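The values are calculated or read from the model by the stated rules, or taken from the named source; none is laboratory data. Fair warning: this is a prediction, and the values are worked out from it, not measured in the lab. FYI the Cβ positions are ideal-geometry reconstructions off the backbone, even for glycines, and counts take in every protein chain you see. In case anyone asks, the SASA skips ligands and DNA or RNA and just uses the protein heavy atoms, side chains included. Shrake-Rupley method; radii C 1.70, N 1.55, O 1.52, S 1.80 Å.
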Amino acid sequence: MKINISNKDKVQEAIDKAEAGCSARLIDDDIDKVIEKAEEKLAELRILKKHWNGCRIDSLPPAVANKYFGRPEGTMVVLKRFASGWFLTEAFRAYCEKESYGRGREIRLGLSDEAKANIPNNWQL
């Protein structure tokens, strides 16, 4: 799947398909805000925009408390950066980790090899 983030209807349709019949641990993050946070981090690392291709954002489902019985699942979304912008590449139900007292949804930014190679080695202080 490769859906441009600007196409809100198709993005929502893909998320609805992944969450069909589910009522707990649904995706509630605004995808635009998630992308904004990732772009802020990339800018903070001083990686030029032309080197963002291949970077990915994983929006992991929230963790449940250790005492939770059963197999908890939550919606996970994967976004990837291409030359023309951010695209939704995956939306599916994933196993929720168990932690003491649980935790909220976790957003992870993965840098591509190109982005890693173009992080500046030094800065002027």
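Data for the structure
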| quantity | calculated |
| --- | --- |
| Residues being touching a residue at least 60 places away in the same chain (Cβ under 8 Å), surrounded by 14 or more Cβ atoms within 10 Å (Cβ to Cβ) and of a type outside the set (A, V, I, L, M) - total across the stretch 38-58 | 6 |
| Residues of the stretch 80-105 classified as part of a strand (DSSP E or B), among the small types (Gly, Ala, Ser) and modelled with pLDDT under 90, total | 0 |
| Scan of the stretch 13-37 for residues that are open to solvent by 80 Å² or more (accessible area, probe 1.4 Å), on the phi < 0 side of the Ramachandran plot and over 18 Å from the mean Cα position of the chain (by Cα), ordered by number | Ser23 |
| Residue in the stretch 63-79 that is modelled with the highest pLDDT, counting only those that are in contact with an Asp or Glu (Cβ under 9 Å, 6 or more places away or on another chain) and open to solvent by 30 Å² or more (accessible area, probe 1.4 Å) | Ala65 |
| Number of the condition not met by Arg108 [criteria: (1) part of a loop (DSSP other than H, G, I, E, B); (2) open to solvent by 30 Å² or more (accessible area, probe 1.4 Å); (3) touching a residue at least 40 places away in the same chain (Cβ under 8 Å)] | (1) |
| Qualifying residues in the stretch 80-105 (those that are in contact (Cβ under 8 Å) with a residue 40 or more places away in the chain and within 20 Å of Gly21 (Cβ to Cβ)) - the one surrounded by the most Cβ atoms within 10 Å (Cβ to Cβ) | Ala91 |
